[in-house]
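So the structure is just underneath, and the comments pick up after that.
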Amino acid sequence: MLPGLADLAAHIGDPQVRNRGTIGGSIANADPAADYPAAVVALDATIRTDRRDIAGGEFFTGLFETALRPGEVVTSVFFPAASHARYAKFPNPASRYAMAGVFVAKQGDVVRVAVTGAGPSVFRWHAAEAALAARFSTDALDGLVLAADGLNGDMHADAEYRAHLVGVLVRRIVG
Amino acid sequence: MSIAITLTVNGDKVSREVDPRLLLSQLLRDELGLTGTHVGCDTSQCGACTVHLDGASVKSCAVLAVQADGSDVLTIEGIAGPDGALHPMQAAFREHHGLQCGFCTPGMVMGAIELARTAPDLEEATIREGLEGNLCRCTGYQNIVKAVRAGAQAMREG
C-alpha cells in the first residue's frame, strides 16, 4: 500500500540500527534528523498511545519534543493510504542521519511536503504543497525556493545549503 | 537499584545484577572481560562494538544490558571453532588482509557474518551497502570488501 514508507524504513541508519530501532522509539525521541517523522506528518498518520490518539500533524512540537506527556507510551501508528508517497534524503556520510529529508504524499487532492533534518523539528513546506496540489509536476515548482531562516546550520552544512537540498529532494521525488 | 538478568554469552549462561543504565558493551567488556568487542564512538555510528543478539547484528553500545535479558549473545570471541579454527569470515579477513590497525575488525567480522547470511547476492555494491554501519578509520575498505566476499562465499559453500 505504501512502498514509499517501506523504502524509507529500508534506508534508516544501517543494518545494526534497523535491527534494533522501532517506529515508536523514533517518533517519541523526535530527533530533528530522524526519517519517520517526515512520513508521519506527510501521510497524516495517527499515533495511538496507551491513553489516546494523536494526529500526526500535532505530534511533533519542537526539538526532541512531542505532544506525549510524561510516562505516555506510543503503542501503534496508523498510516492512511496515498496515491503518491515517496521519501528522499541526503544522509550525512558518517552518521547516515538526514541532513535533509523530504516526504511527499498525495492523498486525494491534498498534497503534503514534510521536511526533516533541515530544521529543529519536522515541518511542512506549504508553498511547495500548494504548487504541487495545483499541478503535481516539477514544472509547478519552478522558481520555488525554501527560505533558510530558522533552518539548522552546523559543522556539516549551513542553513542555506540545507534549504537548497530540500528543493533538490522535492524535485527528485516529483520528477 | 539493580536488576537481575540472565543471558547466554558465547554459549555460556551468565547471571548478573546490573545497573539499569549499564550498556551491553559495558557488560561484555567490563563485567565479563570480553574486550574483543571494541567501543569506538559510543554513539552507535562506528560499529566496532557490533555483536549478535539472538542472531541479528546490533551495536552493543546502543543496547542496554537489561534489554539482553533472556537473549543469546555472540561476540567475536565466540565464533571460532572449539579447536580454535578460525571462522570462515575470520580466515578470509586474514587471507585478504582485510584490516590495517584492526580496531574496527571485530565489528566488521560480526557485521559481515550477518551480511553473508542475509544478503541477496555478494556483489560489491551489496557488500558496501551492507557494511554501512561499520566505519574503518584506516580507510581499508578495499580489502575488507574482498575479505567479506570471500568469507561469505566460504560460509555459503561450507
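For residue A:94, the conditions (1) surrounded by fewer than 18 Cβ atoms within 10 Å (Cβ to Cβ); (2) more than 14 Å from chain B (Cβ to nearest Cβ); (3) on the phi < 0 side of the Ramachandran plot all hold with the exception of (2). For the range B:75-98, the set of residues classified as buried (at least 20 other Cβ atoms within 10 Å of the Cβ) and hydrophobic (A, V, I, L, M, F, W, C) consists of B:76, B:89, B:92, B:93, listed by residue number. Taking residue A:9, is it more than 14 Å from chain B (Cβ to nearest Cβ) and over 27 Å from residue A:156 (Cβ atoms)? It is false that residue A:9 is more than 14 Å from chain B (Cβ to nearest Cβ) and over 27 Å from residue A:156 (Cβ atoms).
Looking at the range B:41-59, which of the residues that are among the hydroxyl-bearing types (Ser, Thr, Tyr) and either in contact with an Asp or Glu (Cβ under 7 Å, 6 or more places away or on another chain) or in a loop (DSSP other than H, G, I, E, B) (or both) is nearest to the other protein chains (Cβ to nearest Cβ)? Selected residue: B:57.
How many residues does the range A:134-152 contain that are surrounded by 14 or more Cβ atoms within 10 Å (Cβ to Cβ) and under 18 Å from the mean Cα position of the chain (by Cα)?
Residues flagged as surrounded by 14 or more Cβ atoms within 10 Å (Cβ to Cβ) and under 18 Å from the mean Cα position of the chain (by Cα) within the range A:134-152 amount to 4.
Return the residue satisfying two criteria in turn: it lies in the range B:142-158 and is at pLDDT 95 or above and touching a Pro at 6+ places or on another chain (Cβ under 8 Å), and of such residues it is farthest from residue A:17 (Cα to Cα). Residue satisfying both the conditions and the ranking: B:154.
Could you check residue B:103 against (1) free of Cβ contacts under 8 Å to residues at least 40 places away in the same chain; (2) assigned to a loop (DSSP other than H, G, I, E, B); (3) more than 17 Å from residue B:80 (Cβ to Cβ) and say which number it fails? It is condition (1) that residue B:103 fails. Reported count of residues in the range A:16-60, each being part of a helix (DSSP H, G or I), within 14 Å of chain B (Cβ to nearest Cβ) and either buried (at least 23 other Cβ atoms within 10 Å of the Cβ) or among the charged types (D, E, K, R) (or both), is 3. I need the full set of residues from the range B:125-136 which are under 20 Å from residue B:91 (Cα atoms) and in a helix (DSSP H, G or I), in order please. Result: B:127, B:128, B:130. Scanning the range B:1-33 for residues that are modelled with pLDDT of 95 or more and either among the basic types (Lys, Arg) or exposed (fewer than 12 other Cβ atoms within 10 Å of the Cβ) (or both) yields B:2, B:4, B:11, B:12, B:13, B:15, B:16, B:17, B:20, B:21, B:29, B:33.
Residues are listed down the side, and each one gets a yes or a no for (1) more than 26 Å from residue A:7 (Cβ to Cβ); (2) part of a strand (DSSP E or B); (3) out of contact with any strand residue (DSSP E or B) (no Cβ under 9 Å at 6 or more places or on another chain):
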residue	(1), (2), (3)
A:81	no, no, no
A:86	no, yes, no
A:104	no, yes, no
A:111	no, yes, no
A:136	no, no, no
A:144	no, no, yes
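A Cβ distance below 7 Å, combined with a sequence gap of six or more or placement on separate chains, defines the contacts here; from the range B:143-158, residues that are polar (S, T, N, Q) reach residues that are surrounded by fewer than 19 Cβ atoms within 10 Å (Cβ to Cβ) in the pairs B:143/B:96; B:143/B:97; B:153/B:122.
Residues in the range B:1-40 that are in a loop (DSSP other than H, G, I, E, B) and under 14 Å from residue B:70 (Cα atoms): B:10, B:11. Remark: residue A:162 falls outside the filter, which requires a residue to be within 24 Å of residue A:5 (Cα to Cα), in a strand (DSSP E or B) and at pLDDT 95 or above. Pairs linking a residue in the range A:48-64 that is at positive phi to a residue that is aliphatic (A, V, I, L, M), with Cβ atoms under 7 Å and 6 or more positions apart or on different chains, are A:64/A:30. In summary, residue B:29 fulfils each of the numbered conditions (1) within 14 Å of another protein chain (Cβ to nearest Cβ); (2) under 17 Å from residue B:107 (Cα atoms) with the single exception of condition (1). Any residue that is surrounded by fewer than 24 Cβ atoms within 10 Å (Cβ to Cβ), within 12 Å of chain A (Cβ to nearest Cβ) and part of a helix (DSSP H, G or I) - is there at least one of those in the range B:137-149? No, every residue in the range B:137-149 fails to be surrounded by fewer than 24 Cβ atoms within 10 Å (Cβ to Cβ), within 12 Å of chain A (Cβ to nearest Cβ) and part of a helix (DSSP H, G or I). A single member of B:126, B:139, B:75, B:105 is within 29 Å of residue A:97 (Cβ to Cβ) and at pLDDT below 95, and it is B:139.
The values are calculated or read from the model by the stated rules, or taken from the named source; none is laboratory data. Small disclaimer: the values here were computed from a predicted structure and weren't measured. Cβ coordinates were reconstructed from backbone atoms using ideal geometry, including for glycine residues, and neighbour counts include every protein chain displayed.
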